[in-house]
Every structure is written in C-alpha cells, then in structure tokens.
Number of protein chains: 2
Amino acid sequence: MQTIWETPWDYRYAHRMQRMTSSVIRELLKLTEQPDIISFAGGLPAPEVFPIQKFREACAYVLENFGPQSLQYGATDGYLPLREMIARHTSRFSAEVNADNILITSGSQQALDFIGRLFINRGDYIVLESPTYLGALQAWNAFGAQYIPVRSDEHGMVVDELEAALRIGPKFIYVLPNFQNPGGSTLPLERRKQLVKIADKYGVPIIEDDPYGQLRYEGEHIPSIVSLDSEYRGPNGGHYSGNVIYLSTFSKLLAPGLRLGWVVAPPEVIQKLAVTKQAADLHTSSFNQYVAYEVAKGGFLDEHVKLIRATYKERRDVMIEMMEEMFPSGVTWRKPHGGMFLWSVLPEGMDSSEMLKRAIERKVAFVPGEPFHPNGGGKNTLRLNFSYSSPEIIREGMARLAETLKETVISA
Amino acid sequence: MQTIWETPWDYRYAHRMQRMTSSVIRELLKLTEQPDIISFAGGLPAPEVFPIQKFREACAYVLENFGPQSLQYGATDGYLPLREMIARHTSRFSAEVNADNILITSGSQQALDFIGRLFINRGDYIVLESPTYLGALQAWNAFGAQYIPVRSDEHGMVVDELEAALRIGPKFIYVLPNFQNPGGSTLPLERRKQLVKIADKYGVPIIEDDPYGQLRYEGEHIPSIVSLDSEYRGPNGGHYSGNVIYLSTFSKLLAPGLRLGWVVAPPEVIQKLAVTKQAADLHTSSFNQYVAYEVAKGGFLDEHVKLIRATYKERRDVMIEMMEEMFPSGVTWRKPHGGMFLWSVLPEGMDSSEMLKRAIERKVAFVPGEPFHPNGGGKNTLRLNFSYSSPEIIREGMARLAETLKETVISA
C-alpha cells in the first residue's frame, strides 16, 4: 500500500522563526473576547470616540468622486494628498518636512518591521529603553537584533548614560518620547536636545516612535526629536535630511481598523523603505488612504483629538483614583501625562505573571511587565490600559484588581 | 565652528538590502501617469468593472451595523466570517478546508513575503518556473533565496523534469498553474496530479499562487493543486493538512485598492504565518475585511466575475487580433486561456529592453521579459497586459507597438 507522508513543516521553517513567538499581549487579547472579563490588557482605543458618521460621509464622498482611483492599485509611497497633509502637519510642529519625507505604512507596526528589514543584520545592537514597546521587539527579534538597554527613570531614557552605549556601535537608538508604552514616561525637552546632540556626535540614527504625541492630558507639548534635530541642523529648504526617523499613526487619532501609519525620514531613507514596502505588500490600501484624507483634511482631527483627550483623561483619572483608594501599600505607579497606559510596580520579589492567573479568576486582566524588558527583568511590573473601558468598568475592574493585589501582596 | 555631519545612511543598511532594487515594472508604472502613453506594462484590473455602487452600499451597511468593530483592532488571522466564506468557496472547488486553514493577508504580495520569512534561510533553493512572477522574486531576494528553474513550455512547468530539481533539496516549489504571470500558460490536469505526487515523494511543499484562477475565458476549470493534494490524501474531516500552501486575492475579483488576499494552508502553517503577520503589521484592515465580506457574501462575486470575464475576454481577443494582423513575422505569442497577460517572443538576438525605448517614443509601453527570469535570460521576450485598456485603446496601442516592432525587427 502507498504511504502518504505528512509534511515535516517544523523542519522547513527558517531559523529567524525560532525567536518568533506569539505575543503575550495578543494571546491575552483573546481573553477580552470573553464578555465577563474586564481587560486592561490590550491597547485598544475607545470605540465610542470613533467618528463613524464622518467615516460614512467620507466613504460615500470618495466612492462618488474617486471610485475607480480609490479602488485601484496605488503608489508604494502612498496617496500624495495624504502625504502632503502629513508633511504640513509635521511642519506645523517645527520640523522642515515635505511630501518626499513621508511614507504611508499599514500601521506603525509595519514601519517598525520595515526599519528592522532595512537596518538590522543578525547580531546588530539596538539601543533602547527598558521597558520598551513590545511590538518593536517582536519585529526586530526576527532579524536577529541584540539589545542594549539604557536606564530609564520616570522621565524616560537617562540620556546621560547613553554615550557609553553608543560607543558599542549600535545600528540605531529607539525611543518613545511621549507617554511611553508601557512605562508612561515623557522625555523632557533638555533630554531630547541632548539626545539629538549625542546621536549626531556618534552618527547613530534615532528612531522616534510617537503614536500618542497628541494625546496629552496635562502639561505643555514638547517638540518632537525630529523637529529638534531639524532645528539643530538649521534651515534646509523645507526638506528634512537629518538623523531621525519618526513614526506615527492614525490608529489613535482616527481608528486602528484602517491600518494607516506614516514615517517621516530623509528622502533617501524613504526611498529605501518604499523598495522594502514594494516587496512586502506593494502599497497600503488606496481606499483607506482616500477615506482618511477626506476625514482629516478640513482640520477635523484637531477637534476630534479634543474629544479623545477629554475621554481618556477622565479614564486615566478614574483609574488613578481607584489605585490611590484601593491598592495596598508597597504597590506604586506613575501618572502619565498622556497616552493610554499606566505602569505599576509591585513589591520586589513579586511575580505579576503569577498574579495575572489570580486576576483572571476574579475576571480582570492586565499585561505582566516582563515581556517589555528586552533582556529580561521587570517580573514585578505590570501595564494597565485606561483608554478602552468606560469609567464605570474601570471602577469595577480596578476594585477586582485591588482585591487580587491585596490577596497576593499579603500572601507573598 | 561646530561641524554638523550628515548621517552615512548607505553604510547603515542591512546586507539584505543589497538585492533589493525597485522593480522595473513599478518604475514603468510611472510612465502610465503620462496621459499620452498607452501602457500595456502594468498589471491593473479594468477600473470600469469595479462594483462601486456595491461598495457604497457595503460601506454604509458596515458603518451602520458594525461601526465600532470594523474600525477597531482585529484578529491577526482575519475577520472570522470572511475566513469562513473563503473556506466554503475553497471547499466548493473540492479541497476540504475550514476557517483554521485560512489567513487573511494585505494582498497576495504580503503572502509571498510571509512565505519568504517563514521558510527561506540565506542560500536556500526554490524550484520555480522561468519566467515567473516578479513580485515573488522581489519578496524572496531579500531573504537570500537561490533559484532552480524547471523548464516551462506552453503548458507551464515540465513536471517530468521536476524530480531532478527536487533531489537538490529545495525549500519549496513555486508554481502559478492558471494563466501564469507572465507566460500565460495553464498547467494541465495530468501535470498537476504528477506535481502533487512528486512533491509528496520528496516531502517538498508546493506554493500554489492563483490570483487569476476564476478569470478563465475558454476551456474547462482545472482543479487547483491544493484540491488535488487534498484528494490524494483522502478524507480528513473537512480540514486540510496536506503539502500545499495556496494563495489567492480579492485584487482581481473585487478591487486591488482594498489590499485583501488570503492563504490556504495546514493549520500549523497558518499559525506560523499569523505569528509572522503579528510582527509585520498586526492584522489586515478590519474595515476592508468587513466591507469585502458584505460585498461578496450573497453570491455577488459569481455574477460579478462573469462581467469581468466578458470584459477581459474581449480585450484579449482584440489584442490577439491586432497581433495577427499587424505584427511582423518572426514575432510569436501565446494565447492565454484566462488571466491578464500575453507573452510574446521576438526573434532570437533581439533585446526587448532596447525596443521599449523606441516604443516609448511612439507612446506605447510594455514590460521587457528579462526580469521575470530568476537566473537571467529571456532578453527577447516581453509581457503585454490586456485587462486595463479599452478595446479602442488596445487597437491604437497595438498599432503603435506593431510599428515599433516592424522598425526594430527590420533594423535588427
């Protein structure tokens, strides 16, 4: 009788897959599908603030006026009016930027992936904060990156300690200056200026990841690192050719379901990223780019961001109020000036992954902090999302979490 | 005075970028932006057949009924009702498939990229046709693939010659069985069955790339390789766990501007591809998946495909009629039974890239065939797209091309 073999798939995979495991966060997101669990684990925007009516109008307008173009293949670097709009928006915050400095990506995650492809040879070093954004680590692990964490405090990367790391010869520096995910810290102006200078001294590029920059609930806007780098280099004819690659996204301003992000970088880097994008997915959805442009073009986003800010500020404040009231002593947290996340530290020696299991029994979830630490550590830390749940749900969830914490801190 | 250095970007890029150059086709697409050039170079669907009214209704329906979900982050493997619909569609053509066998991608190009990431170590061999799809070469060059072309004739890969190639130990076999891009050939049933058996004998997986399978203008539908592999293995409880990874797309059935493709594969491969997708772009646009589902769910596509077939068949026939009437002797071509492309061979010793320059002077464009040959060759070949231009434009463009050809063939 004929033998039909099974394909030995496990032995066919490339070695880069050995470091590719499904994210703890994504696995936890599956828990949020159970309606009785209150999840502070994800990083979802509040669906109540999605401008659905605006989208309906924009979809109808685009299909009426640009039907064939919006449904056709498009340019790899993105829909030109959208790129021009983003360039104007970026220039407003003082970097000299034009459309040649802009690439549209399928969300910011894709920009992180492309940066990995473009720069990282197996074994290359990357300087970053610890904890840092898990999605960046996931993207870059596949390319064999190694990490040099620079110490971070409540104000983000301690730039005084950066120079020693740069002398190791890293490929680039990765930093989230505003309301960092997960740590919640914001890098002060002086540190940003110092970062620009030290990076320039060693010729090491900076990747500035800024998904939440406009979601500030208190304090003054601090100029982006790309704009400070642009200033540092002086006037250049409205065109940026400095040392920073800046990433942002419509996911937090409009809606993540569109998968629209962008990169600001020198034109030569944008061109290389476009070659990468061509091989990766040809281009980002034309239709979504047309629709986002229609929604955003009349200054709508400025108004809309006010609504998002008011909504999230209330939720952050409710979450902190509950922590102050109910969390046992020995548990600390940082109040972020914006963004979507609170970072909390349990007493030394405690394990937040263990605690998560007890929390899930009480029908509440968060993300353990350890995976955000590229070289390990942070077992006693955790991240809480405050943007997704209503204030009432936050109160209930935080009460459940406080119970879990009290039980765990006492029994530890 | 302080020196401000420029960042030496060229020395920062990873070595994988050395084989990443912008596609000739994409560069040529820029020519199509000049309105006076008739371009047979691209691979664009006819915008006249985009179901714009259907999209308007679907967008309104989705935003009315699923506004928050459709704009929110979604599952990495895709919108479940869409995956289930694709599974039913695939099963209709006889492979036993369920939703666990399906991953939604941002176009088929992304599936090719993910397959490269998942399987290819630097130096790995891939068995394929020559000429083959340029987008696959672009995707896999980045991962350091090497290519073993198997001879192709007017019926596609000569499967009798495959076994020698498999004994070299390739990672996988890549084949476009229907109306191949660029060659226009269709693999006959017997060759498909033989391919399934030989691949199984050596345990080498098959990547079946099928963007045009439903765009057949004459002859009978031939079962897909994945369905023949499924049959070969026998009943498996409605679930596919064989040796084939099948790729297709909504780009040719609905609209490429949505960037929606899909993979059919054993669940363990789908899970690995999903881990890859998570790091690459989290997930494909939720909104576009909801909209495509709404457009396609009521059996609309079956009707719509008839319209596309009628439109493209006429255009193919007009193009061939013009070739028969006007092309100089010594120039040959293949009549494809479907798809979007005609393949033409000039007399030996002629260079279609040189001819392209003369063609552009006469305001007509095509793609030289050489880049489709992974290991070089095919200098005297070229590809013509017949789906995009109206019959009138095809007549005019082909007349211009015939003039160019006559001049070139005579002067050569």
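If I filter segment B:373-382 for residues that are within 20 Å of B:ILE38 (Cβ to Cβ) and of a type in the set (Lys, Arg), do I get at least one hit? No, because not a single residue in segment B:373-382 is within 20 Å of B:ILE38 (Cβ to Cβ) and of a type in the set (Lys, Arg). The residue of segment B:149-172 that is nearest to B:ILE126 (Cα to Cα), among those that are away from every other protein chain (no Cβ under 14 Å) and small (Gly, Ala, Ser), is B:ALA165. Selection of segment A:207-252 for residues being within 12 Å of another protein chain (Cβ to nearest Cβ), under 13 Å from the mean Cα position of the chain (by Cα) and not hydrophobic (A, V, I, L, M, F, W, C) yields A:THR249, A:SER251, A:LYS252. Evaluating B:LEU247 against the criteria (1) of a type outside the set (Asp, Glu); (2) in contact (Cβ under 8 Å) with a residue 60 or more places away in the chain; (3) assigned to a helix (DSSP H, G or I) leaves one unmet condition, (3). Residues in segment B:355-389 that are over 18 Å from B:ALA46 (Cβ atoms) and of a type in the set (Ser, Thr, Tyr): 1 in all. When A:LEU103 is tested against (1) over 24 Å from A:VAL263 (Cβ atoms); (2) more than 10 Å from chain B (Cβ to nearest Cβ), exactly one condition is not met: (1). Condition test on B:GLN289, is it without any contact (Cβ under 8 Å) to a residue 60 or more places away in the chain and in a helix (DSSP H, G or I)? For B:GLN289, the condition - without any contact (Cβ under 8 Å) to a residue 60 or more places away in the chain and in a helix (DSSP H, G or I) - is not met.
The residues on offer are B:ARG309, B:ARG358, and the sole one that is outside any loop (DSSP other than H, G, I, E, B), of a type outside the set (Ser, Thr, Tyr) and within 29 Å of B:VAL175 (Cα to Cα) is B:ARG309. Tell me whether segment B:127-144 contains one or more residues that are modelled with pLDDT under 95 and surrounded by fewer than 19 Cβ atoms within 10 Å (Cβ to Cβ). Among the residues of segment B:127-144, at least one is modelled with pLDDT under 95 and surrounded by fewer than 19 Cβ atoms within 10 Å (Cβ to Cβ), which makes the answer yes.
Does B:SER329 satisfy being touching a Ser or Thr at 6+ places or on another chain (Cβ under 8 Å) and in the same structural domain as B:ILE393 (by TED's automatic domain parsing)? When the stated conditions are applied, B:SER329 does not pass them.
Which of the residues that make up segment B:253-286 are in a helix (DSSP H, G or I) and more than 7 Å from chain A (Cβ to nearest Cβ)?
B:PRO267, B:ILE270, B:GLN271, B:LEU273, B:ALA274, B:LYS277
Flag: A:TYR290 does not match the condition of being in contact with a Leu (Cβ under 7 Å, 6 or more places away or on another chain) and aromatic (Phe, Trp, Tyr). If you go through segment B:37-89 and keep only what is facing another protein chain (nearest Cβ under 8 Å), of a type in the set (Phe, Trp, Tyr) and part of a helix (DSSP H, G or I), you end up with just B:PHE55.
Exactly one condition in (1) at pLDDT 95 or above; (2) within 14 Å of chain A (Cβ to nearest Cβ) is false for B:LEU307; which is it? The single condition B:LEU307 does not satisfy is (2).
Residue by residue, here is whether (1) buried (at least 16 other Cβ atoms within 10 Å of the Cβ); (2) without any contact (Cβ under 8 Å) to a residue 24 or more places away in the chain holds:
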site: B:ASP351; (1), (2): no, no
site: B:ALA359; (1), (2): yes, no
site: B:PRO368; (1), (2): yes, no
site: B:GLY376; (1), (2): no, yes
site: B:ASN380; (1), (2): yes, no
site: B:PHE386; (1), (2): yes, no
site: B:GLU392; (1), (2): no, yes
site: B:MET398; (1), (2): yes, no
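The values are calculated or read from the model by the stated rules, or taken from the named source; none is laboratory data. Everything numeric here is computed off the predicted structure, so don't read it as measured data. Heads up, the Cβs are rebuilt from the backbone with ideal geometry, glycines too, and the neighbour counts pull from every protein chain shown.
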